[in-house]
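Right, one structure below, let's go through it.
The values are calculated or read from the model by the stated rules, or taken from the named source; none is laboratory data. Small disclaimer: the values here were computed from a predicted structure and weren't measured. Neighbour counts are summed over all protein chains in view; Cβ atoms, including those assigned to glycine, are modelled from backbone coordinates with ideal geometry. Accessible surface is based on the protein model in full, side chains and every heavy atom, while ligands, DNA and RNA are left aside. Shrake-Rupley method; radii C 1.70, N 1.55, O 1.52, S 1.80 Å.
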Amino acid sequence: MSELKLRIASALVLGALVLLVTLWGDWPFRLVWILVAGLAAYEWLAIVGRGNAIPAGIAVVVAGLALSFSPASPAALAGTAAAAALLGALTTPFARSRLALELCGVAYAMAFALVTPALRDLPGIGLSLILWSFAVVWLTDIAAYFTGRSLGGPKLMPAVSPKKTWSGALGGALAGMLGGYLVWWLVPALQAMTAAGPVVAASFAGSVVSQAGDLFESALKRRFGVKDSSKLIPGHGGFLDRLDGYWAVMVLAGFVLFALHLDV
């Protein structure tokens, strides 16, 4: 119970700060996510070897800042970052050398630095889409946790994450769909852009890939015998532990931005 209270308190504080900077947008939002990318790279490399964790984190921050001034379109950068991040994730299970694993981690982290700000900067709908992504991922995570603990049942992938259940996955998917729909229902700009059906479908897809991202990070930690990616967030572990699902949604968003040529 004390751990749950600590988790809730940390989540409320971080959630409030994230929402504040999201509403602000512009460079404060971009800088926060570039720093998050640096922390994600640091945690990944700390998991797989530690030696280059700090330099890699700094390098990702510098690269994120430099690419923010690139003449390339944000949609192109987002699509490239998403492709590199997905390739890094798919390569990770087969990578054996520490250098290969470190490069996979850097590619993974850059999605935070390039996709999330590109999504937020979309004129007219950027803020709404970020809030939609938060609702889908956060409600998926919360509902999966409490549904799984309450109902139990068959395990989802016991070799990767022994505590996750099919009931939790289904409860998370339903909550993610509901969260995405509620954001659409509350935001006229989204209602003007699309009907409810595609929003529900996109919310379901977002929930599914979010849970896949969670399982991927669990597999990485299990491979290296690590419980948490770090101790930076009281009660939660590290930034990778809290953003593994959001990373997967941002990778999906990066491909959509690129495919539809959505840009600032």
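Taking first residues from segment 229-252 that are assigned to a loop (DSSP other than H, G, I, E, B) and partners that are crowded, with 24+ Cβ neighbours inside 10 Å and among the charged types (D, E, K, R), the Cβ contacts under 6 Å between residues at least 6 apart in sequence or on separate chains come to S229/E43; S230/E43; G238/E43. If the condition is being surrounded by 21 or more Cβ atoms within 10 Å (Cβ to Cβ) and without any contact (Cβ under 8 Å) to a residue 40 or more places away in the chain, then segment 148-164 contributes only G148. Can you pull out the residues in segment 27-41 that are of a type outside the set (A, V, I, L, M) and in contact (Cβ under 8 Å) with a residue 24 or more places away in the chain? Within segment 27-41, F29, R30, W33, G38 meet the criteria.
Applying a threshold of 8 Å to beta carbon distances and a minimum spacing of six or more residues, or different chains, the list of pairs starting in segment 5-22 at a residue that is part of a helix (DSSP H, G or I) and ending at one that is surrounded by 13 or more Cβ atoms within 10 Å (Cβ to Cβ) and among the basic types (K, R) reads L14/R242; T22/R120.
Please work out which residue is modelled with the lowest pLDDT, limiting yourself to segment 234-247 and to residues that are open to solvent by 10 Å² or more (accessible area, probe 1.4 Å) and farther than 16 Å from A41 by Cβ. Among those residues, the one meeting the criterion is G235. For segment 149-194, filtering for residues that are in a helix (DSSP H, G or I) and either at pLDDT 95 or above or among the hydrophobic types (A, V, I, L, M, F, W, C) (or both) leaves 26.
Restricting to segment 179-198, give me the number of residues that are over 19 Å from the mean Cα position of the chain (by Cα) and either among the hydrophobic types (A, V, I, L, M, F, W, C) or within 24 Å of D244 (Cα to Cα) (or both). Residues flagged as over 19 Å from the mean Cα position of the chain (by Cα) and either among the hydrophobic types (A, V, I, L, M, F, W, C) or within 24 Å of D244 (Cα to Cα) (or both) within segment 179-198 amount to 12.
When segment 93-104 is filtered for residues that are surrounded by 14 or more Cβ atoms within 10 Å (Cβ to Cβ), in a helix (DSSP H, G or I) and among the aliphatic types (A, V, I, L, M), the ones remaining, listed by number, are A100, L101, L103. Yes or no: V209 touching a Leu at 6+ places or on another chain (Cβ under 6 Å), β-branched (V, I, T) and in contact (Cβ under 8 Å) with a residue 40 or more places away in the chain? Judged against the criteria, V209 is a match.
The residues of segment 67-92 that are under 19 Å from E102 (Cα atoms) and open to solvent by 40 Å² or more (accessible area, probe 1.4 Å), listed by number, are T80, A83, A84, L86, L87, L90, T91.
Return the residue satisfying two criteria in turn: it lies in segment 43-66 and is within 24 Å of T80 (Cβ to Cβ) and touching a residue at least 60 places away in the same chain (Cβ under 8 Å), and of such residues it is surrounded by the most Cβ atoms within 10 Å (Cβ to Cβ). So, considering only residues that are within 24 Å of T80 (Cβ to Cβ) and touching a residue at least 60 places away in the same chain (Cβ under 8 Å), the one surrounded by the most Cβ atoms within 10 Å (Cβ to Cβ) is W44. Answer with yes or no whether A196 is among the hydrophobic types (A, V, I, L, M, F, W, C), on the phi < 0 side of the Ramachandran plot and either buried (at least 21 other Cβ atoms within 10 Å of the Cβ) or touching a Phe, Trp or Tyr at 6+ places or on another chain (Cβ under 9 Å) (or both). Spelling it out, A196 is indeed among the hydrophobic types (A, V, I, L, M, F, W, C), on the phi < 0 side of the Ramachandran plot and either buried (at least 21 other Cβ atoms within 10 Å of the Cβ) or touching a Phe, Trp or Tyr at 6+ places or on another chain (Cβ under 9 Å) (or both). The test for being among the polar types (S, T, N, Q), in contact (Cβ under 8 Å) with a residue 12 or more places away in the chain and on the phi < 0 side of the Ramachandran plot does not hold for S97.
Of all residues in segment 219-229, exactly one satisfies the criterion of being surrounded by 19 or more Cβ atoms within 10 Å (Cβ to Cβ) and of a type in the set (G, A, S), namely S229.
Residue count for segment 111-149, restricted to those that are acidic (D, E) and over 23 Å from I8 (Cβ atoms): 1. How many residues does segment 1-27 contain that are open to solvent by 80 Å² or more (accessible area, probe 1.4 Å) and touching a strand residue (DSSP E or B) at 6+ places or on another chain (Cβ under 7 Å)? Residues flagged as open to solvent by 80 Å² or more (accessible area, probe 1.4 Å) and touching a strand residue (DSSP E or B) at 6+ places or on another chain (Cβ under 7 Å) within segment 1-27 amount to 0.
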